[in-house]
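Note sheet for the following structure.
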Amino acid sequence: MRNLRLNFLSFFAKKVVIEKTRVHDFDLLSWASQRVTLLLNQSNITLSEAHTKMVNPRFPRSTISTITLSSSAMSIAFCIVLALSFLVTHSHSSHHTDANGGAAHGFESTRRPILALKTDPLKPRLDQIRKQADDHRSLALLYASYARKVKLESSKLVRVLAELSRNFMALMNKPKYRPLFGDDLSHIDESVLRQLEKEVKERIKTTRQVIGDAKESFDNQLKIQKLKDTIFSVNEQLTKAKKQGAFSSLIAAKSISKGLHCLSMRLMEERIAHPEKYSDEGKPTPPEVQDPKLYHYALFSDNVLAASVVVNSAMKNAKEPHKHVFHVVTDKMNLGAMQVMFKLKDYSGAHIEVKAVEDYKFLNSSYVPVLRQLESANLQRFYFENKLENATKDTTNMKFRNPKYLSILNHLRFYLPEMYPKLHKILFLDDDIVVQKDLTGLWKIDMDGKVNGAVETCFGSFHRYAQYMNFSHPLIREKFSPKACAWAYGMNFFDLDAWRRTKCTEEYHYWQNLNENRTLWKLGTLPPGLITYYSTTKPLHKSWHVLGLGYNPSIGMDEIKNAAVVHFNGNMKPWLDIAMSQFKPLWTKYVDYELEFVRACNFDF
């Protein structure tokens, strides 16, 4: 038993020597503590074994217990003493190494603190210092290279100028020209003089060219002027590039994609092939279309797919879809495609009326100022000229040069009471929105006698009336406040009874006629809307309508998630390739991919 204990202690001592080269002081203490605990457990085991052997008559009970306890105590004491002695030795070795400037090797190189390696607070500072040194070293090398280049160019110039000077001296010292400069000036050979004059003029020409090129190296004013000319030229190029870029972006945003064109053509083909299936001519108007007790929506668009997404998203999130009525108005060219699209699916039981703007006979040039202005040759030239240099003269308001701002579809929102005379309230929706929640709560809002319910868009000094109208004009300055808060088109709740009382359409006509020469605002529908509903707009909570998904990538997803309607206003429409990828799924999930015509056009959303 004694030999077994000695062998164990010898092995334990070797283990300590090996371990002390691997761990730090703190780690060694932990290790020694674990070893003591282990030995205590072994002692307990040994006591248990001894207890079981007490039945052996060859060993007295007292002898067995004494031997076991003594061996265990000796082992524990030896382990503790060995660990403490190693700590003292390690501490002395560390101080000795530090005193010698950190030159020691061996165990010191392996006893680096593990925790310090993981979280060294000076590591970022060291990295920053090193990066700064590397950056400035590279900068110094760059300037050194430039200095060498300048020195070489200067040396070359010195050699060239010195060579020119020597050429003049050599020319004058030629033997055939020396008599010309002698004391005897009574007779000068004209042929020799002519030859000298020719050679001198050739050298003068070369010298003037070299000096003219070298003058920049010495004349600071000339350098400054040349730099100014360069900066001016670059600015001109930059301005031209910005105009071309803005114009190209506008074309990309307003163009019809191949998929949309394909869908319209296929739907129209279906309409022509089966006219009796999709035409509503001669059929009585369903009573639901004019029932004021239902929830009515106005949607004016020539984009078939976008219009279907608006209706689809609204009905998928409506609690009672059969109580909702959509009034879809398009132009004559897209009427057949719209009729087919909304006949192919029942949209959860919603009632959908599809009409062309030509069906409203009162919308003619004698009544509608926009249509009358469109007949003006001056306005047509302003909108439909196709030269880039003309179309980009006013880059700030370039988007307003698009003819869609004079389209009657864009101005139908000002004629809602006359288009739907039996309705009391209606919700206007743009075709680039997506509905995410049930909207019937809008009909429960107390409008306080106001006509237009809309979400305000002003914050700070942005989106105020001053940004949309010309306040240098006396009429605008007299009637409106430049600091008044603007609001958004796209989701607007209109009280048609209040509209009729306040005669908002007549107010719109008055201001639209005054702006025929575009002196009050730069066209579009928002400025006349701000004027028409100046004192009759009720602000809605911002969660009803979140804007900017077509131009602002920093909109938070929490804000979008809580919105009843999200609006892709801006150039990056969700059906275009230039759409922002993080917002596009909000729109594409409401596209009816199960429809045969949609699948046939290979939309790559």
- [ ] Select from segment 228-246 the residues that are open to solvent by 100 Å² or more (accessible area, probe 1.4 Å) and basic (Lys, Arg) and write down the one among them that is nearest to the chain's Cα centre (by Cα).
- [x] LYS242
Open item on the list: So LEU595 passes all but one of these: (1) within 20 Å of the chain's Cα centre (by Cα); (2) modelled with pLDDT of 90 or more; (3) of a type in the set (A, V, I, L, M, F, W, C); (4) under 25 Å from LEU267 (Cα atoms). Which condition number does it fail?
Closed with: (1)
Open item on the list: For segment 318-348, give me each residue that is open to solvent by 30 Å² or more (accessible area, probe 1.4 Å) and part of a helix (DSSP H, G or I).
Closed with: HIS322, LYS323, LYS332, MET333, LYS343, SER348
Open item on the list: Looking only at residues that are more than 28 Å from ALA337 (Cβ to Cβ) and hydrophobic (A, V, I, L, M, F, W, C) in segment 548-605, which one is most open to solvent (accessible area, probe 1.4 Å)?
Closed with: MET557
TODO: May I ask you to verify whether ALA246 is among the small types (Gly, Ala, Ser), in a helix (DSSP H, G or I) and in contact with a Gly (Cβ under 9 Å, 6 or more places away or on another chain)?
DONE: no
- [ ] Taking SER481 as the residue in question, decide whether it is open to solvent by 10 Å² or more (accessible area, probe 1.4 Å), polar (S, T, N, Q) and in a helix (DSSP H, G or I).
- [x] no
Open item on the list: Checking SER255 against (1) within 30 Å of GLY550 (Cα to Cα); (2) modelled with pLDDT of 90 or more; (3) open to solvent by less than 70 Å² (accessible area, probe 1.4 Å), only one condition comes out false. Which one?
Closed with: (2)
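Condition check ((1) within 24 Å of TRP499 (Cα to Cα); (2) open to solvent by 50 Å² or more (accessible area, probe 1.4 Å); (3) under 36 Å from the mean Cα position of the chain (by Cα)) across all residues:
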site: ASP438; (1), (2), (3): no, no, yes
site: LEU442; (1), (2), (3): yes, no, yes
site: ASP448; (1), (2), (3): yes, yes, no
site: ASN452; (1), (2), (3): yes, no, yes
site: VAL455; (1), (2), (3): yes, no, yes
site: ALA466; (1), (2), (3): no, yes, yes
site: ASN470; (1), (2), (3): no, yes, yes
site: PRO474; (1), (2), (3): no, yes, no
Task: Conditions (1) farther than 22 Å from PHE568 by Cβ; (2) open to solvent by 80 Å² or more (accessible area, probe 1.4 Å); (3) touching a Ser or Thr at 6+ places or on another chain (Cβ under 9 Å): number failed by GLU269 - done: (3)
Open item on the list: I'd like to check something: does segment 273-286 contain any residue that is under 21 Å from GLN339 (Cβ atoms), under 28 Å from the mean Cα position of the chain (by Cα) and open to solvent by less than 30 Å² (accessible area, probe 1.4 Å)?
Closed with: no
TODO: Any residue in segment 283-309 that's under 22 Å from THR588 (Cα atoms): show its pairings with residues that are open to solvent by 70 Å² or more (accessible area, probe 1.4 Å) at Cβ separation under 9 Å, as long as the two are six or more apart or on different chains.
DONE: ASP302/MET333; ASN303/ILE256
Task: Candidate set: segment 188-227, residues that are open to solvent by 70 Å² or more (accessible area, probe 1.4 Å) and of a type in the set (Val, Ile, Thr); chosen: the one modelled with the lowest pLDDT - done: ILE188
TODO: Mind listing whichever residues of segment 437-490 are touching a residue at least 60 places away in the same chain (Cβ under 8 Å) and of a type in the set (Val, Ile, Thr)?
DONE: THR440, ILE445, VAL451, VAL455, THR457
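Quick check on LEU294: is it open to solvent by less than 40 Å² (accessible area, probe 1.4 Å) and under 39 Å from the mean Cα position of the chain (by Cα)?
In short, no.
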TODO: Give just the number: which of (1) at pLDDT 95 or above; (2) of a type outside the set (A, V, I, L, M); (3) touching a Ser or Thr at 6+ places or on another chain (Cβ under 8 Å) does ASN317 not satisfy?
DONE: (3)
Task: Candidate set from segment 349-362 (those that are in a loop (DSSP other than H, G, I, E, B) and under 30 Å from CYS262 (Cα atoms)); member that is farthest from the chain's Cα centre (by Cα) - done: TYR360
Open item on the list: When you scan segment 216-228, do you find a residue that is part of a helix (DSSP H, G or I) and touching a residue at least 12 places away in the same chain (Cβ under 8 Å), even just one?
Closed with: yes
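The values are calculated or read from the model by the stated rules, or taken from the named source; none is laboratory data. What you are looking at is a predicted structure, and each value in this text was computed from that prediction instead of being measured. Please note: Cβ atoms are built from the backbone with ideal geometry, for glycine as well, and neighbour counts cover all protein chains shown. Surface accessibility is based on the protein's heavy atoms, side chains included, excluding ligands, DNA and RNA. Shrake-Rupley method; radii C 1.70, N 1.55, O 1.52, S 1.80 Å.
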